[in-house]
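What follows is a single structure, written as structure tokens, with notes after it.
Values quoted throughout were computed directly from the atomic coordinates according to the rules given, and no laboratory measurement underlies them. Everything numeric here is computed off the predicted structure, so don't read it as measured data. Neighbour counts run over all protein chains shown; Cβ positions are idealised from the backbone, glycine included.
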Amino acid sequence: MISVHLILFLTFGTVAAAGAINLLAQTHPINSALSLIAVMAALAGEYLLLGAEFVAAVQVIVYAGAIMVLFVFVIMLLNAGVEEHTKGSRVAVLFGIPGMLIGSVLLAWVMLRHSGTEAVPAGALPGAPKMIGPLLFHEFLLPFEITSILILVAIMGAVVLASKPPTAPAPPREGN
Amino acid sequence: MTSSLNLWLIPVLPLAGAAINGFLGKRSSRTAVSTIALVFSGAALAWAFFVVWRVMTAVSSPLPYEEYFAHWIRSGSFTVDFAFYLDQLSLVMLLVVTGVGFLIHIYSVGYMWDDPSYYRFFTYLNLFMFFMLTLILANNYLLMFIGWEGVGLASYLLIGFWFTKDSAASAGKKAFIVNRIGDFGFLIGLFLLIQHFQSLNFTQVFAQVRPIPSETASAGFLTAVGLLLMVGACGKSAQIPLYVWLPDAMEGPTPVSALIHAATMVTAGVYMVARSHLIFERAPMALTVVAIIGTLTALFAATIGITQTDIKKVLAYSTVSQLGYMFMACGVGAFSAGIFHLMTHAFFKGLLFLGAGSVIHAVGGEQDMRKMGGLRSYIPWTTLTMGIATLAIAGIPPFAGFWSKDEILWRAYLANPIYWLIGVVTAFITSFYMFRLLFMTFAGEYRGAPTETPGHDTHGHTHGHDGHASPHESPMVMLVPLMILAVLSLLGGLVGIGDRFDHFLAPVFSSSAETAGEAAGKGMEYLFMGISVAVAALGFALAYVLYVSKPYLPQKIAASLGSFYETVLNKYYVDEIYATLFVKPLVEGSTRILWQGIDRKVIDDSINDAAGGARHVSDEVRQMQSGNLRSYAGWIAAGAAVVIAYMIWLGVGR
Amino acid sequence: MPIWIYILASVIKSAVVLGVLLTAVAYTVWLERKVVGHMQNRWGPTRVGPFGLLQPAADGLKFLFKEDLTPPHVYKPLYIAAPLIAVIFALTSIAVIPFGNAITLFGYSFPFQVTDVNTGLLLILGITSIGVYGVALAGWSSNNKYSLLGGLRASAQMISYEIALGLSLVGVLMLAGSFSLREIVDAQGGHVFGFLPRWNIFLQPVGFFCYLMAAYAETNRIPFDLPEAETELVAGYHTEYSAMKFAMFFMAEYANMITVACLATLLFFGGWHGPLFGPPLLQAVLPLFWFGAKIFAFLFLYIWVRGTLPRFRYDQLMSFGWKFLLPLALVNLIATAIAVAW
Amino acid sequence: MVPLSYYLVLGGILFACGVTGFLIKRNIITIFMSIELMLNGVNLSFVAFAAHWHAVGGELRGLVPLSGQVFVFFVMVVAAAEAAVGLAIIIAVYRTRETLNVDQVNLLKL
């Protein structure tokens, strides 16, 4: 029987898949970015379906709200235009695409081979912040701290990289 | 048992001295260096005395005493520890080594004073003390072997002390290599022990050996072990056929010859054989071999000793022959007698060498006896002390050598008269060449030109106050050890009177052979004493006739003997034989086959080809690294596909 | 309750809230013009209706009937989408805001709230963070250097201050122990020391300060209105917009202001809590009144600040956000954590 | 009730799209977005697995409940870090090379 849960899943899933396809189809980075945002919003919906509301919220805030804004910001900053079609690398076409296809087909086969066995009820487990918090700060304290260090390093690296390099004084020009 | 004796201090103290001198000596003054060296070796001696006192005053004799220091190898059931073992045998050795070592340290202060690398000498000397004491105190064969190798190293370093001198360097190498041959046998012996007893610990091994019946009928495993150990002993203690390194070792400074190549290290072989006497007693064949080797070496080396003119060479050969005596003793099962002779020999041979050093010092580096003579008036103290030593080694009562040698001869006779006969002949020769040395050096009138500086340089160390016209007595710091040793070699033998030494060592060598001495009548023993004394006197007389009253005779005799004399003079051409038999083929073989054949053709070429192949391959593969990000991504994707396929295959397989 | 009643109630509630919100937006504009006018010794709008009360309606009509021209060089899809995004997300966030306690009608209890999500605050944060795109895309799509600069500034500024905003709220969350706005408000009921209402403003003054600063920046209001700094960039990101699209941006801005005001009220000023007295009906209405009053106060503060303060320079803006506000919020967070834990 | 495999397939689709984007796109920024897409696909499967294990009582088998969701947070952090550094790198590259086309930025070789 087709439950509301399934309908919602399919809706969000369609949006996500469509967004992903659109990301590939679009030639302009900003469109790709927007479609990616759509994907993320849809995924947030999926998370809600799975009951992981906190994850959903963070997905929206961090991914859609911060990371993608960063992307858009960079696109605007560099004023990236429609990507020009240079000759691609043969390897990517000869090996990459087939490899990707084979891999995904295999995976899909395996997944569907075991499909229907376990069904995930809607809101399967309540991922409330109250439950996530203790996990983050007890069971996963060390990974948490390590990732915090990671992000700190990343911030410093970004600052160093993006800061203007010291420009050497231009050589005095001869002639007029 | 009583509280810990802290045996570990005894070896570690000299090591500390060596470390300090080695690291700081270069920049510190001679006084500081000698102070350090003396303090630490003296401390070792003091502690040794303390240990003796503790042992003697202990109500119930704490010996044998084992001290666990740290564990070293733990593999399965096989364990080897840094642990020390003290019984009467090692106690005697301990006293000998620390005592003589300390005296020689003092002596060296005077002897080496003018040497440019003074600190190096004492570093090596202390290092030697450390290893020697480790060898003695070890409670298992492996630790003993460490000390064994260590003293080998120290001796190598000290023989080649004046490494700028070619002969010294090569002598050092020779000693080292010859010793390696012996050590090889030793090692295999150890492996056999491990294989059969799963242990190298003395107590454990011997506990397992005791029940084994004596292999009289057929040569068995213990015989093999015994022979292999004997090979090691031959190397270290300069027995036939591996004695050739010892005479050359005289290239080293004289105190080194005294300490290492007369008193202590070369006796390590005897010690080792005595230590593993249980094994030998159960392997009569090995024991016989020991006896034969000892006897032959004694005679052989003595004969060479007659013809040598270099004062130190004479002493070297006499050392070899005396060691032969010790092995003879061990071979006939009279281990305690061997150890006794070892002790007395340490005294008088050390004294002889030191005296020789003093003589060389006096005549400014000259070692050829033909250039000496009549020195008694110049250096009376040295003359006196060396006289005592000569009497001792010649076996004149009541000097130390007499008691020990006589003991050995008596026991040899009990075992087999042949041994005794050869022993007596050797005793005669010994006393002859020793008195020859004495007369050539001190009697008559001075034959050497007024000492000249070059003489020193050949000797490697320049002399204190140059430009003196005539020989001169050594400084006090050198004479005091001489005198102490003289006293020891005068009285050292008395501890053996009435088998006291035997009884002291009885707990160690509790074997049937020990009691045989009492079995035969005392009367016979006295008769043999008389014989050996008479022989010694005969040697003295002959030497007196030939070198004092009728100095022209020796050349005549030499001429009449002719080729035989030549042979003996050239040490029976043993070195040459070895050179042609072993050295040359080895060098040729390794040059032709190993170097040019295997190393060049096989190893180098294969490596070069491998490198070249790698270059060719990578030249091709490099194209893959196009620098294009997306092609990399392509590779990754393909690889991922493969991995996924594999894992799914695994999953499906289950 | 039966599902149809629920849906019906939701529809009614949404309609009411939307109407009220839009009206409020319109009259906030009127209020601003009036107040600023008086501050600058002018009258502000007076012609249309008494005290110019009909001015918003007139403006609305004008915006509606004005020709909506699209410059030829713009990137059309986004140019059209941008204002919609802005206004939609601005209006959405009001949905989870509770205005008062539940009232009981016909035996059913209806909360004064379109929908009660137990992570309402997170939802609002998410929505506002999405709202950035409206501005940014508008700036980029209208293909004009002023607009682009405005958009860049807007996005950068919003990313920067969102962090401080979130951190400043965590203190409140720790005190309340919930993301649900209703529970947060309930946690602020009662008094401390008997006389002082237990409002977070008294417990979290620093947090409130940080929140206010960050919120002003988030809504691109003076003194942080660099995206539309008329003196440097003609009109910032909406330079190229006209008519209804422009109006949408306008509405979005004011709607955001109101949202911020609501949040500030809910989080720091005890929501609808206030002295209750009089007959039951009054008691039922008073919370709404208190709530409105507080929001009004905040809007007034907005206008007051606008009328008073000058505009930051961009580097000042950034350094203020990163070097002062963020550390301050962090310190406040840590202090609160320690206090709560202890 | 939706089978777990559906979620996984959806995640797989997203991931595959990400890979494809990485392979066929020329614009560095788009390629970065493809990476984000892959991460999102993975996240979805994480959450799905978390729910699944909860549904089949994985806690009883010693699994930490919700751990899948926690991993998502870590992934997000990593994604954020990667985006920050990566975009900074892009900016630096753009400064020197004046292009965003990866086919023209091929210095990544000997």
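Using a 7 Å offset from the Cα along the Cα-to-Cβ direction at both B:Ala541 and B:Lys556, what is the distance between the two label points in nm, to one decimal?
With each label point 7 Å from Cα toward Cβ, the separation is 1.9 nm.
On a 0 to 90° scale, report how tilted helix B:380-394 is relative to the longest principal axis of chain B, with both axes built from alpha carbons and the result rounded to the nearest 10.
The answer is roughly 80 degrees.
Run the reach check for D:Lys25 against lysines, Cα to Cα strictly under 16 Å, same-chain hits fewer than 8 apart removed. What comes back?
In chain and number order, the partners are A:Lys87.
Relative to the first principal axis of the alpha-carbon coordinates of chain B, what is the inclination of helix B:311-331, with its axis defined by its Cα atoms, in degrees from 0 to 90 and to the nearest 10?
In chain B, helix B:311-331 runs at an angle near 80 degrees to the longest axis.
Label D:Val75 and B:Glu566 with points 7 Å out from Cα along Cα→Cβ: what is the distance between them in nm?
Taking the simple label geometry, D:Val75 and B:Glu566 are separated by 9.8 nm.
So if I restrict to the alpha-carbon atoms in the protein assembly as shown, what is the Rg, and what is Dmax, the biggest pairwise distance, in Å?
Cα-based Rg and Dmax for the protein assembly as shown come out at 52.0, 160 Å.
In peptide C:133-139, what is the residue-averaged number of other protein chain Cβ atoms found within 10 Å of each Cβ?
Mean shielding count: 3.
With helices defined as uninterrupted DSSP H runs, which ones in chain C have an alpha carbon span along their own long axis of at least 30 Å and mean Kyte-Doolittle hydropathy of at least 1.6? List each step's numbers first, then the result.
Numbers: long enough: C:3-39 (52 Å, 1.42); C:120-141 (32 Å, 1.73); C:145-176 (46 Å, 1.12); C:243-268 (37 Å, 1.48); C:280-308 (42 Å, 1.38).
Passing helices, by number: C:120-141.
Can you tell me, using C-alpha contacts under 8 Å and at least 6 residues apart, the relative contact order of chain C as a whole percent?
Relative contact order for chain C comes out at 22 percent.
Spelling out what I want: for every residue of the stretch B:561-574, take phi, set θ = phi - 60°, compute 6.51 cos²θ - 1.76 cosθ + 1.60 (Karplus), and round to whole Hz; glycine and proline get x.
Rounded to whole hertz, the list is 5, x, 4, 4, 4, 3, 4, 5, 4, 8, 6, 6, 6, 4.
Under a plain spin-label model, where a point goes 7 Å from the Cα along Cα-to-Cβ, how far apart in nm are B:Ala506 and B:Thr288?
Going from the B:Ala506 label point to the B:Thr288 one covers 3.1 nm.
To the nearest 0.05, how large is the calculated FRET efficiency for A:Ile149 and C:Gln283 if R₀ is 56 Å and r is the Cβ-Cβ distance? Kindly include the intermediate steps, with their values, before the conclusion.
Working: r = 54 Å, r/R0 = 0.97.
Once rounded, the FRET efficiency stands at 0.55.
With a cut-off of 8 Å between alpha carbons and a minimum separation of six or more residues, what is the relative contact order of the stretch D:4-104 in percent?
On the way: 97 pairs, mean separation 30.0, N = 101.
Relative contact order of the stretch D:4-104: 30 percent.
Starting from the amide H of B:Phe69, placed 1.01 Å from N in the peptide plane, find each other amide H under 5 Å away whose residue is 5 or more places distant or on another chain.
Long-range HN contacts for B:Phe69: B:Phe82, B:Ala83, B:Phe84.
For the peptides C:131-142, B:239-250, C:13-24, what is the packing order when you average, over each peptide's residues, the other Cβ atoms within 10 Å and list the highest mean first?
Per-residue mean Cβ counts within 10 Å order the peptides as C:131-142, B:239-250, C:13-24.
So what is the 222 nm mean residue ellipticity for chain B from helices alone, if each DSSP H run of at least 4 adds -39500 (n - 2.57) and you divide by all residues, rounding to the nearest 500 deg cm²/dmol?
Using -39500 (n - 2.57) per qualifying helix, the result is -22500 deg cm²/dmol.
Sort B:Leu490, C:Leu123 so the one with the fewest other Cβ atoms within 10 Å of its own Cβ comes first.
B:Leu490, C:Leu123
Taking a ≥ b ≥ c as the square roots of the Cα gyration tensor eigenvalues, with a/c under 1.5 meaning rounded and otherwise prolate when a/b beats b/c, else oblate, which class fits chain D?
prolate
Using the Karplus equation 6.51 cos²θ - 1.76 cosθ + 1.60 (θ = phi - 60°), what ³J(HN,Hα) coupling, rounded to whole Hz, does each residue of the stretch B:296-306 give in order, writing x for Gly and Pro?
With coefficients 6.51, -1.76 and 1.60, one gets 4, 4, 3, 4, 3, 5, 4, 4, 4, x, 4 Hz.
Write down the Kirkwood hydrodynamic radius of chain B, to one decimal in angstroms, obtained as one divided by the mean of 1/r over all alpha carbon pairs.
One decimal place: 26.7 Å for the Kirkwood radius.
If you rank C:Thr119, B:Thr164, C:Thr92, C:Thr70 by fewest surrounding Cβ atoms within 10 Å, what's the result?
Fewest-to-most Cβ neighbours within 10 Å comes out as B:Thr164, C:Thr70, C:Thr92, C:Thr119.
Give the aspartates and glutamates whose C-alpha is closer than 20 Å to that of C:Lys62, dropping any in the same chain fewer than 8 places away, or say none.
C:Glu32, C:Glu240, C:Glu253
If r is the Cβ-Cβ distance from B:Ser549 to B:Val495 and R0 is 41 Å, what FRET efficiency results, to the nearest 0.05?
The formula returns an efficiency of 0.65 here.
Within 10 Å of each Cβ in peptide A:24-36, how many partner chain Cβ atoms are there on average? Round it to a whole number, please.
Neighbouring Cβ atoms belonging to other protein chains average 6 per residue here.
Given the DSSP H assignment, sum -39500 (n - 2.57) over each helix run of at least 4 residues in chain C and divide by its residue total; what's the result at 222 nm in deg cm²/dmol, nearest 500?
Helix-only estimate at 222 nm: -22000 deg cm²/dmol.
Within the set B:Lys173/B:Lys550; B:Lys312/B:Lys556; B:Lys173/B:Lys349, which residue pairs have Cα atoms separated by over 30 Å? Walk me through the intermediate numbers first.
Details: B:Lys173/B:Lys550 42 Å; B:Lys312/B:Lys556 25 Å; B:Lys173/B:Lys349 24 Å.
From B:Lys173/B:Lys550; B:Lys312/B:Lys556; B:Lys173/B:Lys349, over 30 Å: B:Lys173/B:Lys550.
Under a straight-distance cross-link criterion of Cα-Cα below 15 Å, which aspartates and glutamates are reachable from B:Lys601, leaving out those fewer than 8 residues away in the same chain?
Partners found: B:Asp609.
Would you pull out the residues with amide H under 5 Å of C:Phe110's amide H, same chain only if 5 or more places away, H placed 1.01 Å from N?
The answer is C:Ile103, C:Thr104, C:Leu105.
Which order results if B:Leu15, C:Leu54, D:Leu14 are arranged by neighbouring Cβ count within 10 Å, fewest first?
Going from least to most buried by this count: C:Leu54, B:Leu15, D:Leu14.
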